[in-house]
Amino acid sequence: MTSTTVRAVCPHDCPDTCALLVSVDDGVATAVRGDPDHPTTAGVLCTKVARYTERTYHKDRLLYPLKRSGKKGEGQFVRISWDEAITTIATHLKAIAAKDAQAIVPYSYAGTMGLVQGESMSSRFFNKLGASRLDRTICAVAGAAGYTYTIGARIGTDIEQFQNAKLILIWGGNPIASNLHLWMRVQEAKRNGARVIAIDPYRSLTAEKCHQHIALLPGTDAALALGIMHVLIADDLLDHDYIARHTLGFDQLKERAAEWPPQRVADTCGISVDEIVTLAREYGAAALRGDGVAIRVNYGLQRVHGGGMAVRNITCLPALVGAWRNPAGGVQLSTSSNFPKNKKALERPDLSDPARPVRTINMSTIGDDLLRESSAAFGPKIDALLVYNSNPVAVAPQSGVVMQGFAREDLFTVVLEHFQTDTADYADIVLPATTQLEHVDAHSAYGHLYMMANNAAIAPLGEAKPNTEIFRLIAAAMGFDDPCFQESDDAIAAKAFDARDARAIHFDWDALKRTGWQKLVVPDGPFIEGGFPTPSGKCEFYSATMLADGLDPLPTYIAPYESVASNPALAQRYPLAMISPPARNFLNSTFVNVTSLRDTEGEPHLDMHPDDAKARQIATDDMVRIFNDRGSFLAKARVTERARQGLVVGLSIWWKKFGVDGKNANELTSQRLTDMAGGPTFYDLLVEVEKVAR
């Protein structure tokens, strides 16, 4: 027997981007382990990726091209050859492009975070074609915008410093489920005497293990941050030297924060005055002692109307107290801007014809957009959709409308997938894609600072092909003969990072493939002496860029679209707020079909506070219908104080086909967008709940 160990990378949409060691016996992957030498992975994998071979060799893997044989949504297909599949696709796309290539739309996100299998060859193809562009908004854009307006880039506290902090705020996240390796360092900090506080509407697995949990109302995080500012300023818990040298607009911020005394904040957030004042004083006092004071702000809180502003307000806090002086202080939303990714070489925007108009479709409004007719404002009706690295029928907001769009018989849909997902059920052509164990890729990260290499551990199963090869084949069938369409995956990966940039000066693809990972050359603390990459070079409490973009240039509070306070008439009919954060055993909609993980998760359930359940005569294990004007779905009730009163929580995202009634939580979400960057508002909705007979 021939046994080898292959260096690989977890490709999924998670900040940890783990270094993997794949055991291969006679060409078969037998185990996937965390690399014990990688400083952030430290030999530990989450329960999902530890079972990656179960996913790769799953009995339901798509191994051959398929053509639809039934109605859209029925999931009935027949096997065809690759030649027939590619010819069919090219024939349809040529006919559409002859009229207007903008009628062709790509739809993808982070099914893989790889720089090669993500948006390299695919982007080259769509740029050359002249297809509509996709604004990939579905996860993080609002928070990223607010963060960038304030400190200039998605740069923050290094995960490798968190264990040295003495006060850690976990704001809007559940790292036990979605950022495990950060949580390991938080646990180390706790053992070293750190105090850890969770700020989250829901008492998650993480919140249960923190010293304190502040359960504010969904969508009110911006107000809490303003209240903290108010107390810091009123009590003079400020680093005046850091403010004077490294910030812009403190006097204006002081006036704005004065409008948010603790009582107003308490009324807005549904928490006590004491929680606000004590939190602010702890935060300010610890920073002024020189302790590491770190905030891990996550993406859940930015999926509301004022989500961008909420992240902006939180991002202002470290500069007020000089927390950036300590490498273990500051804030982390993302580390992604540290990586000098060579996007122009990867995606080749120069292939676009500058004389042709190119519209942009927001992926968060795909439901409405698939149902639009041609118009001067919208452009051509969408006639073709190519879906890869995403499962929009399950994950896009207002799912009922999304399904209507995908069900159009005149819409030509191609889906690249590992499994027959909810979206694949609506495809005209399904193409089998390789998993991470079967192809080459290069990776950055958004939770640590290591460039990563993924080596193919095994040969592709069946007739599966990498995304890159699929788009090469379609490009060739379309007659695209530019040399870039012939580049190998290794050649593309060799361009992933710009080695001329001092941060990636050690980047060499062949060497990276051998070692698996290489840390960027960056300082231990990004803003110890200021140097923010904003227009002013300072942390901008006042942002002229925001003013120019039509936004309030100062931190403020933007109420949710749907809440008891902001929309009392709607709340008369739908009095409960709802959020749908990630289930521990799923990663977005990935891994839902892995039987062992789905069995561990159980069935779709809804957490309700005892008072809310009692008022509706609902008990644990009752089947309930959750509904609003947009739709409904069924789940099993769990009566628990983990959900604060007035809030229900449906851990997600279940494939619809595994739902009790063929639906999931996105039946209820809207296509309204955030205050910044056009992000989705998944956690900004009101619902009602009623008991139903089984």
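The values are calculated or read from the model by the stated rules, or taken from the named source; none is laboratory data. What you are looking at is a predicted structure, and each value in this text was computed from that prediction instead of being measured. Every residue, glycine as well, gets a Cβ built from its backbone with ideal geometry; the counts of neighbours run over all protein chains shown. To get the accessible areas, we keep the full protein, side chains included, count just its heavy atoms, and leave off ligands, DNA and RNA. Shrake-Rupley method; radii C 1.70, N 1.55, O 1.52, S 1.80 Å.
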Can you spot a residue in segment 330-344 that is farther than 16 Å from PRO526 by Cβ, part of a loop (DSSP other than H, G, I, E, B) and open to solvent by 10 Å² or more (accessible area, probe 1.4 Å)?
yes
Could you please find all residues in segment 153-183 being within 21 Å of SER444 (Cα to Cα), open to solvent by 20 Å² or more (accessible area, probe 1.4 Å) and more than 19 Å from the chain's Cα centre (by Cα)?
GLU160, GLN161
Yes or no: segment 558-567 includes at least one residue that is of a type in the set (S, T, N, Q), in a loop (DSSP other than H, G, I, E, B), in contact (Cβ under 8 Å) with a residue 40 or more places away in the chain and under 24 Å from SER632 (Cα atoms).
yes
Given (1) within 22 Å of the chain's Cα centre (by Cα); (2) over 30 Å from ASP235 (Cβ atoms), PHE406 misses just (1)
Can you name the number of the only condition in (1) at pLDDT below 95; (2) assigned to a loop (DSSP other than H, G, I, E, B); (3) open to solvent by less than 50 Å² (accessible area, probe 1.4 Å); (4) not aliphatic (A, V, I, L, M) that SER596 fails?
(2)
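To keep it simple, each residue is scored yes or no on (1) of a type in the set (A, V, I, L, M); (2) part of a helix (DSSP H, G or I); (3) free of Cβ contacts under 8 Å to residues at least 12 places away in the same chain.
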position: ILE155; (1), (2), (3): yes, no, no
position: GLN161; (1), (2), (3): no, yes, no
position: ILE170; (1), (2), (3): yes, no, no
position: VAL186; (1), (2), (3): yes, yes, no
position: THR206; (1), (2), (3): no, yes, no
position: HIS213; (1), (2), (3): no, no, no
position: LEU217; (1), (2), (3): yes, no, no
position: ALA223; (1), (2), (3): yes, yes, no
Residue count, segment 354-388 (criterion: among the small types (Gly, Ala, Ser) and surrounded by fewer than 16 Cβ atoms within 10 Å (Cβ to Cβ))
5
Filtered residues of segment 639-670 (kept if open to solvent by less than 20 Å² (accessible area, probe 1.4 Å), more than 16 Å from ASP607 (Cβ to Cβ) and part of a loop (DSSP other than H, G, I, E, B)):
TRP655, GLY659, THR669, SER670
Answer yes or no as to whether THR150 is in a helix (DSSP H, G or I) and surrounded by fewer than 20 Cβ atoms within 10 Å (Cβ to Cβ).
no
If I ask for residues that are more than 30 Å from ASN313 (Cβ to Cβ), open to solvent by 10 Å² or more (accessible area, probe 1.4 Å) and not aromatic (Phe, Trp, Tyr), which ones from segment 102-128 would you list?
GLN102, GLY111, THR112, LEU115, GLU119, SER123, ASN127, LYS128
Assuming GLU119 fulfils every condition listed in (1) in contact with a Ser or Thr (Cβ under 9 Å, 6 or more places away or on another chain); (2) in a helix (DSSP H, G or I); (3) acidic (Asp, Glu) apart from one, which condition is it?
(2)
Subset tally (residues that are touching a strand residue (DSSP E or B) at 6+ places or on another chain (Cβ under 9 Å) and either over 25 Å from ASP37 (Cα atoms) or part of a strand (DSSP E or B) (or both)) for segment 496-527:
6
Inside segment 269-302, the number of residues satisfying the requirement of being β-branched (Val, Ile, Thr), outside any loop (DSSP other than H, G, I, E, B) and under 16 Å from GLY172 (Cβ atoms) is 2
Members of segment 544-567 found to be among the hydroxyl-bearing types (Ser, Thr, Tyr) and under 26 Å from the mean Cα position of the chain (by Cα), listed by number
THR545, THR556, TYR557, TYR561, SER563
Residues of segment 84-101 being open to solvent by less than 50 Å² (accessible area, probe 1.4 Å) and touching a strand residue (DSSP E or B) at 6+ places or on another chain (Cβ under 7 Å), which ones?
ALA85, THR88, ILE89, LEU93, ILE96, ALA97
Restricted to segment 238-263, and to residues that are open to solvent by 50 Å² or more (accessible area, probe 1.4 Å), in contact (Cβ under 8 Å) with a residue 40 or more places away in the chain and out of contact with any Lys or Arg (no Cβ under 6 Å at 6 or more places or on another chain), which residue is nearest to ALA310 (Cα to Cα)?
GLN252
Among the numbered conditions (1) of a type in the set (Ser, Thr, Tyr); (2) closer than 17 Å to ARG642 by Cβ; (3) modelled with pLDDT under 95, tell me where SER580 comes up short.
(3)
Exactly one of PRO526, PRO535 is loosely packed, with under 15 Cβ neighbours inside 10 Å and either over 28 Å from LEU317 (Cα atoms) or out of contact with any Pro (no Cβ under 6 Å at 6 or more places or on another chain) (or both), and that residue is PRO535
For segment 265-282, name all the residues that are open to solvent by less than 30 Å² (accessible area, probe 1.4 Å) and without any contact (Cβ under 8 Å) to a residue 40 or more places away in the chain.
ALA266
Hey, THR545 of a type outside the set (Gly, Ala, Ser), surrounded by fewer than 21 Cβ atoms within 10 Å (Cβ to Cβ), modelled with pLDDT of 95 or more and not in a loop (DSSP other than H, G, I, E, B) or not
yes
Give me the pairs, please: first residue somewhere in segment 376-388 and of a type in the set (Gly, Ala, Ser), second residue anywhere and open to solvent by 10 Å² or more (accessible area, probe 1.4 Å) and in a loop (DSSP other than H, G, I, E, B), beta-carbon distance under 6 Å, and either six or more positions apart or on two chains.
GLY379/ARG359
